[in-house]
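The values are calculated or read from the model by the stated rules, or taken from the named source; none is laboratory data. As the structure is a prediction and not an experimental result, all values here were calculated from the model. Cβ sites come from the backbone with ideal geometry, for glycine too, and all protein chains shown count toward neighbours. Quick note on the areas: whole protein, heavy atoms, side chains included, nothing else; ligands and nucleic acids left out. Shrake-Rupley method; radii C 1.70, N 1.55, O 1.52, S 1.80 Å.
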Amino acid sequence: MFLAIAACDVDKKSDREKGFEQINIEMEKFEKAAENLERVYGKIRFWSNPDGYVPDRYFHWASQAEDISFMFQVERGFHKYLDDWMSGK
């Protein structure tokens with residue numbers, strides 16, 4: 001991903017667009033890997049909290065989700081930032 005971002009640090013717009021394409025490819029690769037992990041992880045873990053589950057009173061990502069989305073929260077936030085940056089927002 002960082003190499004793709006570095007490819008965008010150029011003056012020529014056409015070269016920057018190629019870097020944007022590489023960023024999109026890297027984000028797609030990440031999402032595929034995350035989907036595969038969720039599929040495999042789902043075979044050995046329960047996806048919902050049991051009846052009577054008492055949520056942790058402290059906030060941390062792992063205790064706030066029933067699935068493994070917390071594992072990807074930082075990356076997905078970064079991907080949103082990259083999407084906004086590439087679209088000029």
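Here are several values of P(r) over Cα pairs in 10 Å bins from 0, in percent: [x] 13, 33, 34, 17, 3; [y] 12, 25, 24, 19, 16, 4, 1; [z] 15, 35, 25, 17, 8, 1. Which one was derived from the coordinates shown?
Among [x] 13, 33, 34, 17, 3; [y] 12, 25, 24, 19, 16, 4, 1; [z] 15, 35, 25, 17, 8, 1, the one calculated here is [z].
Over the heavy atoms of SER14, what accessible area does a 1.4 Å probe trace out, to the nearest 10 Å²?
The accessible area comes out at roughly 60 Å².
Could you provide, to the nearest whole Å², the per residue accessible area of the chain with probe 1.4 Å?
In whole numbers, the chain has 80 Å² accessible per residue.
How would you order 72-84, 16-28, 32-44 from highest to lowest mean count of nearby Cβ atoms within 10 Å? Please list the in-between numbers first.
Working: 72-84: 13.2, 16-28: 15.5, 32-44: 10.9.
Order by mean packing, descending: 16-28, 72-84, 32-44.
So for the pair SER14, ARG57, with labels modelled 7 Å out along Cα→Cβ, what separation do we get in nm?
6.4
Sequence neighbours fewer than 8 away in the same chain don't count; with that in mind, list the aspartates and glutamates whose C-alpha is under 14 Å from LYS43.
Hits, sequence-local ones excluded: GLU35, ASP67.
Helix-derived [θ] at 222 nm for the chain: sum -39500 (n - 2.57) over DSSP H runs of at least 4, divide by residue count, nearest 500?
Values: 4 runs with 54 residues, N = 89.
Mean residue ellipticity, 222 nm, calculated: -19500 deg cm²/dmol.
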